[in-house]
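Data block below; observations after.
The values are calculated or read from the model by the stated rules, or taken from the named source; none is laboratory data. Bear in mind the structure is a predicted one, so any value in this text is a computation, not a measurement. Here the Cβ positions follow ideal geometry from the backbone for every residue, glycine too, while neighbour counts run over all protein chains shown.
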Amino acid sequence: MPMAYQIREVALPILPSGSPTLRVLHFSDLHLTPKRRRAIEFIRTWGELEPDLVISTGDFLAHQDAVTTVLTALEPVLTKPGLFVFGSNDYYGPLPKNPLRYLKRDDGSRKLGRPLPSSELDRRLSERGWQNLNSAKLTIEIKGLRIEARGTDDAHLELDDYSLVAGPRDANAALSIGVTHAPYARVLESMKADRLDLIFAGHTHGGQVRIPWFKGTKSLTTNCDLPNWRSRGLTKVSDEPYLHVSAGVGYNPFTPIRFLCPSEVTLLKLEQTR
């Protein structure tokens, strides 16, 4: 089935007054296999977006031999500062599943495929200068802006332990961000308590299958406890941090279907507050 690809652009006035614009490329859920040539071609165009920072929210892999495929696809942006976390499909390969299971309430049960070479992927991304945020906290400087970042390992597999990165935001940081694969409520609540500015997540695939709904579309599931209306794009609830959820590039190879939910990457232009 042919797949559409799109670049989503979002402007967000979140930086202190007088700050330069920060171009953040957020991608998720590549689920790459060596044969996904159109996806690889799409990913290789991302360098043309000239990001200042690249953030991946996991699920790079969908095949035992895909590490080199991932590095080849990402080559045009690997020269940029990058942050990443892993998702469940970086640790375990995909399995055939009844697609209707995604519409049911998550009961916490997991069927895991063969282990994937996540350690090799970590090593090779790190060799290119990207930084692993799985259960880690760090500070970087880009365009003169001090950015604090903290991340969790995959909440879908219950590998997250926010206590390892907990604590009030850096008072000297122009921006404090959280990075996680699956946007479970427990992770979002913990990041809210520490008063972060912006959270990046993936995992939902934007619902993968959406239905027409009041001047737009609606997802039927998020595959976690995130409300359906937050399954894709930038949202905010009262005093919580902004949440940006990428609908992702890929899919489980055994369910290669997207309906009203094209594969995507997002360029967020973070600007000074007005």
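What to note about this one:
- Failed item in (1) more than 23 Å from residue 204 (Cα to Cα); (2) assigned to a strand (DSSP E or B), with residue 12 passing the rest: (1)
- Positions within the stretch 41-53 being assigned to a helix (DSSP H, G or I) and closer than 16 Å to residue 4 by Cβ, in sequence order: 41, 42, 43
- Scope the stretch 112-135; condition modelled with pLDDT of 95 or more and loosely packed, with under 14 Cβ neighbours inside 10 Å; matching residues: 115, 119, 120, 123, 126, 127, 129
- Candidates 138, 188, 157 - the one that is of a type outside the set (Gly, Ala, Ser), crowded, with 23+ Cβ neighbours inside 10 Å and modelled with pLDDT of 95 or more: 188
- Residues (surrounded by fewer than 22 Cβ atoms within 10 Å (Cβ to Cβ) and either in a strand (DSSP E or B) or free of Cβ contacts under 8 Å to residues at least 12 places away in the same chain (or both)) located in the stretch 265-274: 267, 269, 271, 272
- Yes/no for residue 190 being outside any strand (DSSP E or B), within 21 Å of residue 237 (Cα to Cα) and either within 18 Å of the chain's Cα centre (by Cα) or not aromatic (Phe, Trp, Tyr) (or both): yes
- For the stretch 204-231, the set of residues classified as under 30 Å from residue 171 (Cα atoms) and either among the β-branched types (Val, Ile, Thr) or part of a loop (DSSP other than H, G, I, E, B) (or both) consists of 226 only.
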